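Right, one structure below, let's go through it.
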Amino acid sequence: MGTSARSIDRVLQVGPLKPSLADTLAARYDALVLPEEDAAREAFLAEHADAVTTVVTSGRTGVDAALMSALPRLGAVINFGVGYDTTDVEAAELRGVGVSNTPDVLTDCVADTAVGLLIDTMRQFSASDRYVRAGRWTAEGSYPLTRQVSNTRVGIIGLGRIGGAIAKRLSAFGCTINYHNRRRVPDSPYRYVDTPVELARDVDVLVIAAAGGSATSKLVDAAVLDALGAQGYLINIARGSVVDEQALVSALREGRLAGAGLDVFAAEPQVPAELFEMDNVVLLPHVGSATVQTRAAMEALTLRNLDEFLSTGQLVTPVVQPAARV
Ligand code: 8YV
């Protein structure tokens, strides 16, 4: 690529981002912003597509194959977030487009969320709080008994960085940890189970910490929920797509599952309205990594990836390393 082409290299923001990150992209990188609306997007691409070499996006939006092919000089998709299931990684690989994410910096926060959600779901703290606020403690007396967390049997689907951090925390609660993963984790102290159904059958609580995307779509289906059973709990801090949401709602409605703690949903921010009435369900608005500290660390890592790509053509935390450009 000659100097003249480089001088028009542009960074493009795709989808909403943390406001401070969007401000930095505009101020420091003179980034363009892809319009949301179709007609405006078409006109925008006609004018700017040839200049764009780098996209910054998040797991909420991502870059699909169509947008990738509309950006002929695209070299990297920099993703704010560890999950990159909204970006077509296969298409990126084929085109030599690099993809980065923000691993490690959010592991502790998301694992904290998983454990908090698990305790809240089994002990019904959020429902107990509503009970007090509604004046029911004085009117009706003690809250009904709930389920002990310490020493329960936990199954984790996806023993990656976040799954491992959840396992470590729950081990300190005396829980027995079993897991299912794409492949057995070498030297893991936890018991590997071949299928999600067998795992669900053996545990009191099933925690989903697997990546989203087509490989895990509806991995937790009606059969897995039935295996978990009427005394079993489901916790999901990964992606809504990993669960058959309709099957989950049916199992909860019919008392075939004891409860569920959900930070993620199939079509966020839409949440099945039937769940609103259930006190054995805790609903969070996808806040797993949402602390000031962790989001600042994610922002810094996003910018490190961007700077590295702009100066060397490589990425700091690649999912796919960009092809060398000449
Ligand atoms: C973020 C997440 O909320 O990192 C992820 O994969 O789901 C969360 O940390 C999200 O990516 C921000 O768009």
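The values are calculated or read from the model by the stated rules, or taken from the named source; none is laboratory data. Quantities reported herein were computed from a predicted structural model and do not represent experimental measurements. Cβ atoms come from the backbone with ideal geometry, glycine included; neighbour counts cover every protein chain shown. Just the protein is used for accessible areas: all its heavy atoms, side chains included, with ligands, DNA and RNA removed. Shrake-Rupley method; radii C 1.70, N 1.55, O 1.52, S 1.80 Å.
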note = Picked from segment 278-326 (must be among the aliphatic types (A, V, I, L, M) and within 30 Å of Leu257 (Cβ to Cβ)), the residue farthest from the ligand (Cβ to nearest atom) is Met278
inquiry  = Exactly one condition in (1) at positive phi; (2) open to solvent by 10 Å² or more (accessible area, probe 1.4 Å) is false for Gly164; which is it?
reply    = (1)
note = Taking segment 176-193 and keeping only residues that are surrounded by fewer than 18 Cβ atoms within 10 Å (Cβ to Cβ) and either within 15 Å of Ala210 (Cβ to Cβ) or among the basic types (Lys, Arg) (or both), one is left with Arg182, Arg183, Arg184, Val185, Arg191, Tyr192
The lone exception for Glu277 - which of (1) open to solvent by 70 Å² or more (accessible area, probe 1.4 Å); (2) free of Cβ contacts under 8 Å to residues at least 12 places away in the same chain; (3) under 14 Å from Ser100 (Cβ atoms) it fails = (3)
ask   = Which one of Leu45, Leu67, Leu74, Leu17 is open to solvent by 20 Å² or more (accessible area, probe 1.4 Å) and away from the ligand (no atom under 16 Å from the Cβ)?
value = Leu45
note = Among (1) within 16 Å of the ligand (Cβ to nearest atom); (2) open to solvent by less than 10 Å² (accessible area, probe 1.4 Å), Cys109 falls short only on (2)
task = Within segment 165-187, track down each residue that is of a type outside the set (Phe, Trp, Tyr) and within 18 Å of Thr216 (Cα to Cα).
result = His180, Asn181, Arg182, Arg183, Arg184, Val185
